[in-house]
Amino acid sequence: MKKLSDLLPGLRGGGTHRFGPTATPKPLTAGLVLLAFLLAPAALGGYGSGLVALYLPLVLLALSADLLWGLNGVVSFGHAAFFTAGAYLAALIVGGPGDSAAGTLSYLQATNVGAGPGDVWRGVFEALAAVRILGVSVLALVLPAVVVGLFGLVLGLVLFRLPSPEVYVPLMTLGLGVIMTTSLVGVSFLGASNGLSNIPSFVADTWLTRVAGDGMSKYYFNLLFLVVAYGVYWWFRGSSWGRRWLGSGDSPLRLDALGYRANLTRSLGFGASAALAGFAGALYVGSIGFVAPAQAAVGQSAMVLIWVAVGRPGSFFGPLVGVLTIQISSFFLSGVLKNSWQLVLGVILILVVVLMTRAAEIRAFVRRTVRRAERPPVERVASASE
Amino acid sequence: MSIVLQVLFQGLGIGSVLLLGALGLMIIYGVMGIVNLAHGEFVMVGAYASVVVSTVGMSWLSIPAAVLVAGALGLLVDVVVVRYFYNNPVASMLGTFGIGMVLQSVVLLVFGPNLQRSEQPITASVPIGFGQSFSVWRLVLIGVAVVTTIGLGLVLARTKYGLTVRLVTADRQVASTLGIRSKRTNRWTFALGCALAGFGGALAAPLANVSPTMGVTYLANSFLVVVLARLGDVRSTALWSAALGVGLAGVAAVSNDVVATIIIWVAALAIVAVRRTELSAVRV
Amino acid sequence: MNISHGNGAPVSGRVRPSIRVHRRLLAGVALAGALAMTTTACSGGANQQAAADGNTIKLGLLYSLTGDLATVETPMHDAALLAVDEINAAGGINGKKIEPVVEDYASDNAKAVEKANKLIEDDHVVATLGMYTSASRLAVLPKFEQSNSLLLYAVVTEGLECSPNVIYTGITPSQTLEQTIPWMLQHLGKKVYLVGSDYIYPHTVNAIAKKLIEQNGGEVVADDYFPLGSTEFGTAVSKIKNSNADVVFSSLVAGSIPAFYKQYHAGGLDFQQRPLVSSITSEAEIAGMGADNAVGSYTASSYFQSIDSPTNDAFVKAIKAKYGSGQFTDREMAAAYSTVYMFKKAVESAGGDLSTDHLKKVFPGTSVEGPQGTVTVESNNNTTMTSLLGKVNASGQFDVVQDFGQVKADPFPASVVPNPPTCPVRVK
């Protein structure tokens, strides 16, 4: 009988397409990519930088999902939920609870005038937001990562005790997304269906915004964290921790036999992935200015998986390529094509996927052509003269 | 007592739509190893086909038309695109996602974004005792779902095609060593899965809304049923669809729909977590 | 070590250097292409110029042309474009044509923010007409306030807001409920069953309705909410049936409406014995469910397609001519259409200065004769309009049952809000 674990890329010897982490790139390549991103605002301008700035936290989100999918064989359908949870926490700290409409609504629903739950918390959040380094409310970035990470850790401890976690994680995280969107809509403390809006940029009060403007300052701020995250990721992939992580997904039984507790490793990793997703959400809410329940939906989590898939699960720059390609082409296409852009994007996606599945044949063709070109001329003349 | 009866019928009504959706998703996954993210869009195509046929005046033909159109479209999509995705989970996810986008866009561009009118062929309601009455069309829906399930079960149990499906679902490698031409099985299975989805769409359309994005809601719930039930087992799928439907209706009757969704999902996940034996066949 | 199969296929996971280079090149090209696309999308030279340069006046149109909300927003976009075409055909505004800059935010509020950025910072529009849900408006509002641009919001709203950078031309509960609820209690019954979709707009409307019902001697029997987009109402209908309610007040929205009305009848209820009143249901939803499912129900609104006036006749005719004889017109379309005309009037009186600050001063007091009658923007940035109560007839159109006349909009009705702020006031 087929198991749903066969859903996952080749890690149990199931499917015919094996993904695994590719090598880390050469320092030269990485350096060139970094340089390109540092210099891009010159070409993009303030407006363009502001636009790309919105996509950088999404790269972090895709990276967090890829940690699980590409490196450990676990597909999560709930990373948008972790992302949105982090966004809500950051929004509460920096922006305070429920907006005017929801606040009045609470009043209308209750019969007594006076302080709602929001007012008590408002003081707490303001105190948290007041902790600043160089003008940035750091707790609004740190706390979401910590809280969401802890939640992810607890969830992971439960999930990885079950016999086939590759089966349960997709399902449970799918349920997480459904439950989160449905329940958030009723919580007026969190702005109900409107969510929390008017969230200021993290660098709004800093010298960076004064010098570079709103768009570029958000871009460089987000880029900073992206570079740091990728730096850590680079180190991780080359380290023994990275190998332990790969092993826990590839063959947990062998890892256990060697004395490393695979389940604990995976739970910790799941928590770390959730923490990164929550952090990405916090960063995002400072860039885009709002958070709403719809962002936790299963469809959004599916989009995260699409980003990872387009960039190839397990590939180092995969999340970057996936997010930027899809998001930028969506923006560009919808501006040009108005209401038929999804048709074009869908067709492109299908073409890319079909080509991907034929990649082996394409590669073989390329190899043949390259070999033919590389064969020394003497041999060719010799064989031709026979 | 009257509430119980109402909840029961209501739940079976919800369950029958879930069932038709889940069956299609299940056989496609079981035989082909494909997660069809475009499943909801085939439901939508069936709904639109039934609307178009009704508008032309032949509303009794609307359901067979929906089945044929959805099935034929599934066949076409398989021949052109899906055949590259067999047994490739990542590619099938991405590819069917793209197919879903394309289908939604095409329907949007051709029919426009407005809701389409879809009428129940029978609008009467019938008393079911204790002062309650129930829509005849919903009863028809339940009946048709039951008949389809039995029919599909018979096909799987008694026909050569059904044997092939069961064998490939259980163990693909053994099936191929026995010389089963899985490509043809895959093709017809995809068409059948899409036809079932379209069938569900045509039946649900009179009670729901027909718009290009109507299919999205069917995906998550059908997926839940497929995971709860034993893969490849039609009866198990039927039972879990009914359970889910009655559960949703029951909790909604006591409190409200939002709470019902949350509670039922939490319960379903708990069931899956607790019931370990079914899903852990072989441990690596 | 150089082990090979002899056919060039790699043995270990290591790939030949030439292939690795190809793959990297591909990724690099893709990335470069993506960044290049952004740059082109951003710096189209002409876009850098000021909005009223040359011979056009740029009006942004930010609507969902795809996704779940396309059903309701595309007709608004269509009606707005019709107005633009008519104005341009008649010579434009002070000789300059309106250049509509259309953007689709695909029912995704994050995309809405991206597109709002584009319209304001890249296209430099004079104003933007668009948005639909309150969540979408709140998502883009900070951008309009911070960049000091103007948003024209032509959709029915729950009020509770009056930003200086938004002109609200949609009807508010203060213009529908305060007139309709007393009439409903007097003519249809005192025991009311409230239903609604589960998000802020229906909750707010129902909360105000509850207060008004109690203040006017009625009784609220129950208050049920359903997930947005839900189409399962069998249980709800039987609950209503088993209750002693005389009338149902519905704040269900969009797709839930046809499903609810259909299942109302399927469950054995009808609008004769148990009438239904809504402040939302319009010709759009009736088209989706068929006249026989809606006949006999009431809607409180500012506009009906059946309104008998020269302006409305011309409007309906023009819509049908452009978009097909089956196309309906509803309140949101009428509002979008007349808002473009209000924009025209405001720009005319603004003369040469089309800056947002100047427009903010000029808009209040602007009045046009639209399909829905006279509409006037007031100093609180909301719009005075006619309040009507209509009943659906057998052909799916509304017969006007009550005309409450011109009613001013009060986004913070004193009857329910303790300390109303003085409008306009920034959202935060």
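When both residues are 6+ apart or on different chains and their Cβ atoms are under 6 Å apart, which pairs have a first residue that lies in segment B:30-45 and is within 15 Å of B:VAL107 (Cα to Cα) and free of Cβ contacts under 8 Å to residues at least 40 places away in the same chain, and a second that is among the basic types (Lys, Arg) and in a helix (DSSP H, G or I)?
Final answer for the pair search is none.
In segment A:200-234, which residues are open to solvent by 40 Å² or more (accessible area, probe 1.4 Å) and either modelled with pLDDT under 90 or over 21 Å from the mean Cα position of the chain (by Cα) (or both)?
A:PRO200, A:ALA204, A:ASP205, A:TRP207, A:ARG210, A:VAL211, A:ASP214, A:MET216
Output the residues belonging to segment B:235-246 that are under 17 Å from B:THR148 (Cα atoms) and either out of contact with any Ser or Thr (no Cβ under 6 Å at 6 or more places or on another chain) or of a type in the set (D, E, K, R) (or both).
Those that are under 17 Å from B:THR148 (Cα atoms) and either out of contact with any Ser or Thr (no Cβ under 6 Å at 6 or more places or on another chain) or of a type in the set (D, E, K, R) (or both): B:ARG235, B:SER236, B:THR237, B:LEU239, B:TRP240, B:SER241, B:ALA242.
Within segment A:137-174, how many residues are away from every other protein chain (no Cβ under 12 Å) and assigned to a helix (DSSP H, G or I)?
Result for segment A:137-174: 18.
Scan segment A:320-368 residue by residue and report those that are of a type outside the set (A, V, I, L, M, F, W, C), more than 8 Å from every other protein chain (Cβ to nearest Cβ) and surrounded by 22 or more Cβ atoms within 10 Å (Cβ to Cβ).
A:GLY322, A:GLN327 - these are the residues of segment A:320-368 that are of a type outside the set (A, V, I, L, M, F, W, C), more than 8 Å from every other protein chain (Cβ to nearest Cβ) and surrounded by 22 or more Cβ atoms within 10 Å (Cβ to Cβ).
State yes or no: is A:ALA87 part of a helix (DSSP H, G or I) and open to solvent by less than 10 Å² (accessible area, probe 1.4 Å)?
Criteria met by A:ALA87.
Just the residues that are in contact with a strand residue (DSSP E or B) (Cβ under 9 Å, 6 or more places away or on another chain) and of a type in the set (Asp, Glu), please, taken from segment B:212-257.
B:ASP257
Output the number of residues of segment B:183-218 satisfying the condition of being within 13 Å of another protein chain (Cβ to nearest Cβ), surrounded by fewer than 24 Cβ atoms within 10 Å (Cβ to Cβ) and assigned to a helix (DSSP H, G or I).
Of the residues in that region, 3 qualify.
Given the criteria in contact (Cβ under 8 Å) with a residue 24 or more places away in the chain and either of a type in the set (Ser, Thr, Tyr) or within 11 Å of chain B (Cβ to nearest Cβ) (or both), does A:SER287 qualify?
Considered against the rule, which asks whether it is in contact (Cβ under 8 Å) with a residue 24 or more places away in the chain and either of a type in the set (Ser, Thr, Tyr) or within 11 Å of chain B (Cβ to nearest Cβ) (or both), A:SER287 comes out as yes.
Within the group C:VAL220, C:VAL166, which residue is surrounded by fewer than 21 Cβ atoms within 10 Å (Cβ to Cβ) and touching a Lys or Arg at 6+ places or on another chain (Cβ under 8 Å)?
Selected residue: C:VAL220, the only one of C:VAL220, C:VAL166 that is surrounded by fewer than 21 Cβ atoms within 10 Å (Cβ to Cβ) and touching a Lys or Arg at 6+ places or on another chain (Cβ under 8 Å).
Which condition from (1) crowded, with 24+ Cβ neighbours inside 10 Å; (2) more than 25 Å from C:LEU69 (Cα to Cα) is the one that C:GLN273 breaks?
(1)
Give me the pairs: first residue in segment A:338-354 and closer than 24 Å to C:TYR63 by Cα, second residue charged (D, E, K, R), beta-carbon distance under 7 Å, and six or more apart or on different chains, which are they?
Here the result reads A:LYS338/C:ASP104; A:ASN339/C:ASP104, each pair linking segment A:338-354 to a residue that is charged (D, E, K, R).
Of the numbered conditions (1) out of contact with any His (no Cβ under 9 Å at 6 or more places or on another chain); (2) in contact (Cβ under 8 Å) with a residue 24 or more places away in the chain; (3) within 19 Å of B:LEU19 (Cα to Cα), B:GLY193 satisfies every one except a single condition; which is it?
(1)
Identify, please: which residue in segment B:214-246 is modelled with pLDDT under 85 and hydroxyl-bearing (Ser, Thr, Tyr) and is, among those, nearest to B:VAL274 (Cα to Cα)?
B:SER222
Within segment C:229-257, which residues are without any contact (Cβ under 8 Å) to a residue 40 or more places away in the chain, under 29 Å from the mean Cα position of the chain (by Cα) and crowded, with 24+ Cβ neighbours inside 10 Å?
Selection gives C:GLU232, C:PHE233, C:GLY234, C:ILE257.
Which one of the conditions (1) surrounded by fewer than 18 Cβ atoms within 10 Å (Cβ to Cβ); (2) at pLDDT below 95 does C:GLY396 fail to meet, given that it meets all the rest?
All conditions are met except number (1).
Can you tell me which of C:GLY326, C:GLY365, C:GLY290, C:GLY351 is modelled with pLDDT under 95 and open to solvent by less than 20 Å² (accessible area, probe 1.4 Å)?
Being modelled with pLDDT under 95 and open to solvent by less than 20 Å² (accessible area, probe 1.4 Å) holds for just one of C:GLY326, C:GLY365, C:GLY290, C:GLY351, which is C:GLY290.
Working only within segment A:181-209, note down all residues that are hydroxyl-bearing (Ser, Thr, Tyr), assigned to a loop (DSSP other than H, G, I, E, B) and at the interface with chain C (Cβ under 8 Å from one of its Cβ atoms).
A:SER197
Kindly indicate which of A:PHE279, A:PHE236 is among the aromatic types (Phe, Trp, Tyr) and closer than 15 Å to A:LEU71 by Cα.
A:PHE236
Inside segment A:31-52, can you point out the residues that are open to solvent by 20 Å² or more (accessible area, probe 1.4 Å) and either at the interface with chain C (Cβ under 7 Å from one of its Cβ atoms) or not in a helix (DSSP H, G or I) (or both)?
Of everything in segment A:31-52, those that are open to solvent by 20 Å² or more (accessible area, probe 1.4 Å) and either at the interface with chain C (Cβ under 7 Å from one of its Cβ atoms) or not in a helix (DSSP H, G or I) (or both) turn out to be A:ALA43, A:GLY45, A:TYR47.
Just give me the residues in segment A:295-309 being within 12 Å of chain C (Cβ to nearest Cβ) and surrounded by fewer than 24 Cβ atoms within 10 Å (Cβ to Cβ), in sequence order.
A:ALA297, A:GLY299, A:GLN300, A:MET303
Might you let me know whether segment C:66-76 holds any residue that is more than 14 Å from the chain's Cα centre (by Cα) and hydrophobic (A, V, I, L, M, F, W, C)?
Among the residues of segment C:66-76, not one is more than 14 Å from the chain's Cα centre (by Cα) and hydrophobic (A, V, I, L, M, F, W, C), which makes the answer no.
When the residues of segment C:176-197 are narrowed to those that are surrounded by 22 or more Cβ atoms within 10 Å (Cβ to Cβ) and touching a Gly at 6+ places or on another chain (Cβ under 9 Å), which ends up farthest from C:THR376 (Cα to Cα)?
For segment C:176-197, the residue satisfying everything is C:VAL192.
Identify all residues within segment C:395-418 that are charged (D, E, K, R) and either in contact with a strand residue (DSSP E or B) (Cβ under 6 Å, 6 or more places away or on another chain) or more than 14 Å from chain A (Cβ to nearest Cβ) (or both); write none if there are none.
Answer for segment C:395-418, where residues must be charged (D, E, K, R) and either in contact with a strand residue (DSSP E or B) (Cβ under 6 Å, 6 or more places away or on another chain) or more than 14 Å from chain A (Cβ to nearest Cβ) (or both): C:ASP399, C:ASP403, C:LYS408.
Take the conditions within 21 Å of B:GLY30 (Cα to Cα), open to solvent by less than 30 Å² (accessible area, probe 1.4 Å), at pLDDT 75 or above and in a helix (DSSP H, G or I) and apply them to B:VAL272. Does it pass?
The answer is no for B:VAL272.
The values are calculated or read from the model by the stated rules, or taken from the named source; none is laboratory data. All figures in this text were calculated on a predicted structure; none of them were measured in a lab. Neighbour counts are summed over all protein chains in view; Cβ atoms, including those assigned to glycine, are modelled from backbone coordinates with ideal geometry. Surface accessibility is based on the protein's heavy atoms, side chains included, excluding ligands, DNA and RNA. Shrake-Rupley method; radii C 1.70, N 1.55, O 1.52, S 1.80 Å.
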